[in-house]
Number of protein chains: 2
Amino acid sequence: MDLSTKVKSDIEIAQEATIKPIKDIAQKLDLHDEELEPYGHYKAKISLDVLKRLETKKDGKVILVTSINPTPAGEGKSTITVGLGQGFSKIGKKAMIAMREPSLGPTMGIKGGATGGGYSQVIPMEDINLHFTGDFHAITTANNTLSALIDNHIHQGNQLQIDVRRVVWKRVVDLNDRALRQVIIGLGGPIQGIPREDGFDITVASEIMAIFCLATDLQDLKKRLSRIVVAYNIHREPVTVADLGAEGALTLLLKDALKPNLVQTLEHTPALIHGGPFANIAHGCNSVIATKMAAKLADYVITEGGFGADLGAEKFLNIKARFAGIKPEAVVIVATIRALKMHGGVAKSDLTQENVEALTKGLSNLQKHIETIQAFGLPFVVAINQFVTDSKSEVDKIEKWCADNSYPVALAQVWEKGGEGGVELAKKVLDVIKKVENNFAPLYDVSSSIEDKVKTIAKTVYGAKDVEFSTKAQKQMVDFEKFGWNNLPICMAKTQYSLSDNPTLLGRPTDFTITIREFRPSIGAGFIVALTGDVMTMPGLPKVPAALKMDVNEEGKAVGLF
Amino acid sequence: MDLSTKVKSDIEIAQEATIKPIKDIAQKLDLHDEELEPYGHYKAKISLDVLKRLETKKDGKVILVTSINPTPAGEGKSTITVGLGQGFSKIGKKAMIAMREPSLGPTMGIKGGATGGGYSQVIPMEDINLHFTGDFHAITTANNTLSALIDNHIHQGNQLQIDVRRVVWKRVVDLNDRALRQVIIGLGGPIQGIPREDGFDITVASEIMAIFCLATDLQDLKKRLSRIVVAYNIHREPVTVADLGAEGALTLLLKDALKPNLVQTLEHTPALIHGGPFANIAHGCNSVIATKMAAKLADYVITEGGFGADLGAEKFLNIKARFAGIKPEAVVIVATIRALKMHGGVAKSDLTQENVEALTKGLSNLQKHIETIQAFGLPFVVAINQFVTDSKSEVDKIEKWCADNSYPVALAQVWEKGGEGGVELAKKVLDVIKKVENNFAPLYDVSSSIEDKVKTIAKTVYGAKDVEFSTKAQKQMVDFEKFGWNNLPICMAKTQYSLSDNPTLLGRPTDFTITIREFRPSIGAGFIVALTGDVMTMPGLPKVPAALKMDVNEEGKAVGLF
């Protein structure tokens, strides 16, 4: 990445791009006219009927992009995902990208987004980063309709005997709004409802977002929604959406949102951008429906998981792939020399200086993630996302290290060169798919105990010595067995910055214990969340929010967005 | 309206209708391809460039539909608006409808909507009544982004010295959620922000909704947004959006929503459905941009104001028409025999029985609204929205009363017969436009004092004897003059059920006083709200919310919606 001031910003590159009408992109995918629902000229929703029409067609190959533990230096996982898709197109393969939708909160908060960067972006980036086709608004509305129905039920007589101290369903906004984290609602006397403690999460943390991304069709969506546990009654038994009878209305509110959104990259590679659950208290992948649809429409599907391989890839493989019956063909593990140096102990301000020693030390982090992907039995390629500040000695070092260990590696210059910069990576991926044996299997059996499942993840994926369960967590495991919730996969909520549960331990920490503080049942989504510390489900705004630089110019164009 | 069980429901009629591709509707309006932004196949947004292209074209004639004071018997103002548009089409006129977008809260709460009824509906009704093109979600997001920026400003050092007890900007959701009316936010210690009292309104009550509906273009939108008063500082001076520097981001969030939405009626008459502010604390009309665009695209524009003529028409004429430079050609005053009988003292359960005496008594309500429209110098037609329960003697009575008073009247059967049932009304409207002198002028000069403006409305429109101002309201008038807010029109917040400020006084109350409890400055919208009593800005859900009957069937179609 050229950091000189002459470099164009992402939004400038995106706005100068030639964008094709979305119906042209759809045509290349052999979509029928009536299967495309245009949203303006450059975005469209695709009817779920496509999945029925192509039911017997052989699936394309799914390639998962993941990374080392993220650092403030930036890894560029989304940029590689987009660039790799463009790279596949460049070498004549029918490829498609399947990514998450950005959340508006971080967009308005901190400069940054989830549409790639440089010459590897999905466009129209302003639309995708703002309201897009309204999916997140539909999820916010469904979430808060449920909240209104719960409080109304209590207010109107509370037939289900909900314990107002044990309502676990929170309201959401798709914004960074710390003042809503802990609130008291229902004040003002008897006609304003029952006062109780509540809180708001950001929309991407809603269980409905996770459900939306794991549902296979509308009826499956409804079934999952009906299972959501919203509260406990005075006998401490779970109260569900089905008990309230709200699953029909929630499904209706999500009916159109459930159709995947088609857009294109700067080089016109088709992309489905759909859903976007948090990668801590949820599984952090785009929707199952989009990934499966992409596999029907293209020969190669490039998709990603949130955060590093310890969270994103682990959950993609143990939760999403398992539920959806997806067998990935290969995994791309993204790293940058800058980030590896940070894992080796270099401060962010010193990253422009060559430091082969720190790089060598930091490679231990990459090493651990490689071992994790190997534990899943999957072929992989290491992708080095190149920056202009990377020195030749540093690049040589990493290439030699990969060669010594027989790790397939490719340099990627997708930010600067778009698809051309991803050709080497695409070829290497094709190569490992062809030559390396694929023995993919999830790491644990869902029928094993909650304790065993957590221990498997902590030891195999994080490299932990042991796992401790708090008294509360131990009690919960007993309750969950009673409620019949023990046969579900585990969704770990852990810091993304470290393999351990301590965000300051970079590189490859050893000899550490993971502490499970508490569990949260996401019965609709179909997993048990294991919390290893404080998990932020509502971010705050920085001192100078990005929003304050945003504007619309005289021609009606977005400015200041990124 | 045939109330027998054999009658089809609105959603059944709407779903069985033949709907034309929206591009065919656009073609009839001579819209250029690039001016149409399709949202699926049956909805589209229209680029604001149309207004520039047709700047010099002569405007079509605007016809305002209003009604008597609403009663639980139902007046069917929206149904008449749609049916009249269809009636104009039937007699070969190029007509277009301009209406408000429905709010999701009431849709999920009480059976009902704002898309007309029977054979006079705008379609696709499920889409319009649910998320539509996301305009309200964009307004909700802009409103709550501003809230997050205010609380973040206070948390990050409060440079503007905002008095946390005097933050007047509230958060919103587009739902009926009584538990959010009064809340305490910012709990949980120093990193969660500053604790303070807050409350949520329904989205249609947001000042941003009113601004959105009065803005003439993007730059005017930004200017209005920047003027919003969000709080007072410790010196009791107003703090605005411009002080926070947030107007650019808010404009960006509303950029696409500002384009009017094109749909069609059951008989393919084009309709612009855009914006929907409350008719109590706001002005209750669809967007200025949509009304003006409709006037450029058609020869006759049928539009409506919220509630009865004392609120909706008064505000349309004194606020919207004044700001936008719209001169209505005629007003249609809708009444039903059922509702007039209620104004004459009949209980809802007795409405099916003939009662000419009560009808005669109830006509006093219609009489007052006719006088109001006459005071504005406008031609009008009384429209009787016919029900099968109306007896011949009752119909004869009302026709004779109109004849005796020389009031133009037409019977409308638009619910049952669609446009055919609106032909008589359409012809009568054309007739009065041609023959009756139009001396339209707003009722007051904006430069007169706040007190005088309120008195003019109360006396001329409501028939009040006098107006009392509370001590608080009197103090506010002094403050507002100091802040330079006295040259703005007044937006009355009054019960819709009575001409007075007492909802139980039906018919035509006399000898009553209107009490102004408090003012609220809507400086962005450009008016001063005068509150005459408790105004509900966040409705609650009923014991059995409509949402609980909603569902999606096996074919993916909406059911239980209306």
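Results, tabulated for the structure shown:
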read-out: Helices (runs of 4 or more DSSP H) completely within the stretch B:172-263 that count 2 or more residues being within 30 Å of B:K296 (Cβ to Cβ) and facing chain A (nearest Cβ under 8 Å); value: B:218-227, B:247-254
read-out: Residue within the stretch B:467-488 that is under 26 Å from the mean Cα position of the chain (by Cα) and β-branched (V, I, T) present; value: yes
read-out: Meets criteria (within 14 Å of another protein chain (Cβ to nearest Cβ), surrounded by 22 or more Cβ atoms within 10 Å (Cβ to Cβ) and small (G, A, S)) for B:A44; value: yes
read-out: Strands (runs of 3 or more DSSP E) completely within the stretch B:512-562 that count 2 or more residues being within 14 Å of chain A (Cβ to nearest Cβ); value: none
read-out: Criterion: within 14 Å of chain A (Cβ to nearest Cβ) and within 30 Å of B:F387 (Cα to Cα) - qualifying residue of B:D127, B:D135; value: B:D127
read-out: Residue that is closer than 25 Å to A:G419 by Cα and under 25 Å from the mean Cα position of the chain (by Cα), where the choices are A:I373, A:I326, A:I398, A:I384; value: A:I384
read-out: Qualifying helices (runs of 4 or more DSSP H) (wholly inside the stretch A:26-115; at least 1 residues being charged (D, E, K, R)); value: A:49-53, A:77-90
read-out: A:I281 assigned to a helix (DSSP H, G or I), in contact with a Cys (Cβ under 9 Å, 6 or more places away or on another chain) and either more than 15 Å from A:M99 (Cβ to Cβ) or β-branched (V, I, T) (or both); value: no
read-out: Sole residue being at pLDDT 95 or above and surrounded by fewer than 24 Cβ atoms within 10 Å (Cβ to Cβ), chosen from B:L266, B:L262, B:L252, B:L218; value: B:L218
read-out: Cβ pairs under 9 Å, 6+ apart, first in the stretch B:219-245 and at negative phi and free of Cβ contacts under 8 Å to residues at least 24 places away in the same chain, second in a strand (DSSP E or B) and crowded, with 23+ Cβ neighbours inside 10 Å; value: B:Q219/A:V552
read-out: Enumerated helices (runs of 4 or more DSSP H) restricted to the stretch B:385-467, each holding at least 3 residues that are free of Cβ contacts under 8 Å to residues at least 12 places away in the same chain and under 27 Å from B:E357 (Cβ atoms); value: B:392-405
read-out: Which numbered condition A:Q156 fails, given (1) at the interface with another protein chain (Cβ under 7 Å from one of its Cβ atoms); (2) surrounded by 23 or more Cβ atoms within 10 Å (Cβ to Cβ); value: (2)
read-out: Residue check, A:T141 of a type in the set (S, T, Y), surrounded by 24 or more Cβ atoms within 10 Å (Cβ to Cβ), more than 21 Å from A:G85 (Cα to Cα) and in contact (Cβ under 8 Å) with a residue 12 or more places away in the chain; value: yes
read-out: Counted residues, the stretch A:512-522 - those being surrounded by 21 or more Cβ atoms within 10 Å (Cβ to Cβ) and over 17 Å from the mean Cα position of the chain (by Cα); value: 4
read-out: Test for A:D49: is it within 11 Å of another protein chain (Cβ to nearest Cβ) and without any contact (Cβ under 8 Å) to a residue 12 or more places away in the chain; value: no
read-out: Subset of the stretch A:363-411 (residues that are of a type in the set (V, I, T) and out of contact with any Phe, Trp or Tyr (no Cβ under 7 Å at 6 or more places or on another chain)); value: A:T372, A:V381, A:I384, A:V388, A:T389, A:V395, A:I398, A:V409
read-out: Any hit, the stretch B:474-486, residues being surrounded by 14 or more Cβ atoms within 10 Å (Cβ to Cβ) and assigned to a loop (DSSP other than H, G, I, E, B); value: yes
read-out: The stretch A:478-519, residues that are over 24 Å from A:F323 (Cα atoms), among the β-branched types (V, I, T) and in contact (Cβ under 8 Å) with a residue 12 or more places away in the chain; value: A:T495, A:T510, A:T513, A:I514, A:T515, A:I516
read-out: For B:E354: the one exception among (1) within 21 Å of the chain's Cα centre (by Cα); (2) without any contact (Cβ under 8 Å) to a residue 60 or more places away in the chain; (3) not in a helix (DSSP H, G or I); value: (1)
read-out: Those residues of the stretch B:116-130 which are crowded, with 24+ Cβ neighbours inside 10 Å and either part of a loop (DSSP other than H, G, I, E, B) or of a type in the set (S, T, N, Q) (or both), in sequence order; value: B:G118, B:Y119, B:S120, B:Q121, B:N129
read-out: Checking B:F88 against (1) hydrophobic (A, V, I, L, M, F, W, C); (2) crowded, with 19+ Cβ neighbours inside 10 Å; (3) more than 21 Å from B:A290 (Cβ to Cβ), the condition it does not meet; value: (3)
read-out: B:A148 being more than 11 Å from chain A (Cβ to nearest Cβ), buried (at least 24 other Cβ atoms within 10 Å of the Cβ) and under 29 Å from the mean Cα position of the chain (by Cα); value: no
read-out: Residue within the stretch B:189-208 that is more than 30 Å from A:H155 (Cα to Cα), touching a helix residue (DSSP H, G or I) at 6+ places or on another chain (Cβ under 8 Å) and free of Cβ contacts under 8 Å to residues at least 12 places away in the same chain present; value: yes
read-out: Residue match in the stretch A:136-159 (condition: in a loop (DSSP other than H, G, I, E, B), closer than 21 Å to B:T107 by Cβ and touching a strand residue (DSSP E or B) at 6+ places or on another chain (Cβ under 6 Å)); value: no
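Each row is one residue, and each column tells you yes or no for (1) surrounded by fewer than 24 Cβ atoms within 10 Å (Cβ to Cβ); (2) closer than 30 Å to B:S47 by Cβ; (3) of a type in the set (S, T, Y).
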site: B:Y300; (1), (2), (3): no, yes, yes
site: B:G305; (1), (2), (3): no, yes, no
site: B:G312; (1), (2), (3): no, yes, no
site: B:F316; (1), (2), (3): no, yes, no
site: B:F323; (1), (2), (3): yes, yes, no
site: B:I326; (1), (2), (3): yes, yes, no
site: B:V331; (1), (2), (3): no, no, no
site: B:V334; (1), (2), (3): no, no, no
site: B:R338; (1), (2), (3): no, no, no
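A quick yes/no check of all residues on (1) in contact with a Ser or Thr (Cβ under 6 Å, 6 or more places away or on another chain); (2) closer than 25 Å to A:H131 by Cα:
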site: B:I80; (1), (2): no, no
site: B:G87; (1), (2): no, no
site: B:G109; (1), (2): no, no
site: B:Y119; (1), (2): no, no
site: B:D127; (1), (2): no, yes
site: B:T140; (1), (2): yes, yes
site: B:N144; (1), (2): no, yes
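The values are calculated or read from the model by the stated rules, or taken from the named source; none is laboratory data. No experiment lies behind these values; they were computed from the predicted model shown. Methodologically, a virtual Cβ is constructed for each residue, glycine included, from the backbone with ideal geometry; neighbour enumeration extends over all protein chains shown.
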